[in-house]
Structures are given as structure tokens and as C-alpha cells.
Amino acid sequence: MKIAVIGTGRIGGTLGQRWSAAGHDVVYGSRAGSGTGPGGAPVLAAADAVTGADAVLLAVPGGAVAEVLTALGAALAGKVVIDAANNIGQPEVNSRAAVAASAPGAAYARAFNTLGWENFADPPQGAVMFFAADPAARPLAEELITAIGLEPVFAGDAGASGMVDALLPLWFAMVQHNAGNRRVALRLTP
């Protein structure tokens, strides 16, 4: 599948490299608009990166999401948009409402926002990724979570994004209580 990763930082770069290693066609969208990104994948202008993409990962700082969505809006129609951005300090940590307003034809998923990038680069054994997704986005989100090496755990439709977001402060607290060790993840046991 073709995946457009909007953002070349640690989250986007790590996920993009993992998906590329799993056999997916990854391109990065960036303000730079050209060059080579993490793992050697091409960097394009964001609008060019999403052309022909099956999935689009928003992996930019939370404050930049509105600008990205304004630029991409209609180009996201019919695509699965995975929101990994965190709007820290805002009433809504996720960008679900902004995606719905800018790209009403997109299928939304909330994932990859509750763990540090280190857990994507080398997932701890048995680690899970909680996610929320529109029904049309769920199968693709599960496939991409599995490709990273995490177990997907469905928390509910896109309306459950806030429940997924509630895990972020828990993860930060666990990191602090483990002397700053960011290789901390969650696991479900039967």
C-alpha cells in the first residue's frame, strides 16, 4: 500500500521506516518539499505526497495540524487519515474535529499518539497499541499497527478518540516513574 507520512520527525520517520521495511511504499510530505527522508524514502510537498496514497499519517506537532489540513483538505477525500499528532494543552488532544471539517470524505483513525517513538523502532514484546477508528479505517489501521510489531486493540469508533488520548498522560507518568525510560508500553493480559 502507498502511505504518505506527513512529518519527518521521530514519530513519522520511525513509523515510515518500519512500514517501508514491511514492504509498503512510503513517501514523506514536508514543508521542505524535496529530498530524501528517513530510511531513504522520498520527501515531497505534502499535497504531492498524498496523491495516490491509501493512508495518510499526520505526524506533525499538534499546532501545525490546522495548517496541514488547510493545505490538503479535499486531497484527503477517500483516504484513511491516521492522526498521531497531540495537541498538548488544548481541550481536545486529537485532531478528529479538524480532520472532519477539512476533509469530510476521509476515514479517520486515532493511533500512534500514546507511546514514544522508541516503542515503534523496537516494540517491547507483547506491547499493544490502543486505537479508535471509523469503520472504514479500522482494517487498514489494524494492518499498519501490526506491521510495526504492536498488537492493535480497538477502543471504539472515531468517537472513542478521547479514550485513546487518556492513555497519553498515563504513559508520561509511567516514563517519569521509570526514571525517564521511554521504552515503556502497555499490554493486555487475559
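No value in this document is a laboratory result; all are computed from the given coordinates. Just so you know, these numbers come straight off a predicted model, no measurement behind them. Every residue, glycine among them, receives a Cβ derived from its backbone with ideal geometry; neighbour counts consider all protein chains shown.
Sort the stretch 74-125 into rounded, prolate or oblate with this rule: let a ≥ b ≥ c be the square roots of the eigenvalues of the Cα gyration tensor; rounded if a/c is under 1.5, and if a/c is not under 1.5, prolate when a/b is larger than b/c, oblate otherwise. The partial results should precede the final answer.
On the way: a/c = 3.66, a/b = 1.59, b/c = 2.31.
Since a/c reaches 1.5 but b/c is at least a/b, the shape of the stretch 74-125 is classed as oblate.
Grab the DSSP H runs of the chain that are 4 residues or longer, score each as -39,500 (n - 2.57), total them, divide by all residues and round the 222 nm result to the nearest 500 deg cm²/dmol. Numbers along the way, then the final one.
Values: 8 runs with 63 residues, N = 190.
That calculation yields -9000 deg cm²/dmol at 222 nm.
Taking label positions 7 Å along the Cα-Cβ direction at both Asp122 and Ala166, the computed distance is 3.3 nm, reported to one decimal. Summarising the label geometry, the points placed 7 Å from Cα in the beta-carbon direction at Glu151 and Ala173 lie 2.3 nm from one another.
Given a Förster radius of 25 Å and the C-beta distance between Ala47 and Ile88 as r, what FRET efficiency does 1/(1 + (r/R0)^6) yield to the nearest 0.05? FRET efficiency, Ala47 to Ile88: 0.40. Dividing the mean sequence gap of close Cα pairs (under 8 Å, 6+ apart) by how many residues the stretch 2-177 holds gives a relative contact order of 18 percent.
Could you rank the peptides 4-10, 90-96 by their average count of other C-beta atoms within 10 Å per residue, with the highest value first?
On the way: 4-10: 23.7, 90-96: 18.3.
Answer by packing, highest mean first, reads 4-10, 90-96.
Which order, highest average first, do 147-156, 32-41 follow once you tally other Cβ atoms within 10 Å for each residue and take the mean per peptide? Kindly include the intermediate steps, with their values, before the conclusion.
Working: 147-156: 17.8, 32-41: 14.5.
Ranking, from highest mean packing down: 147-156, 32-41.
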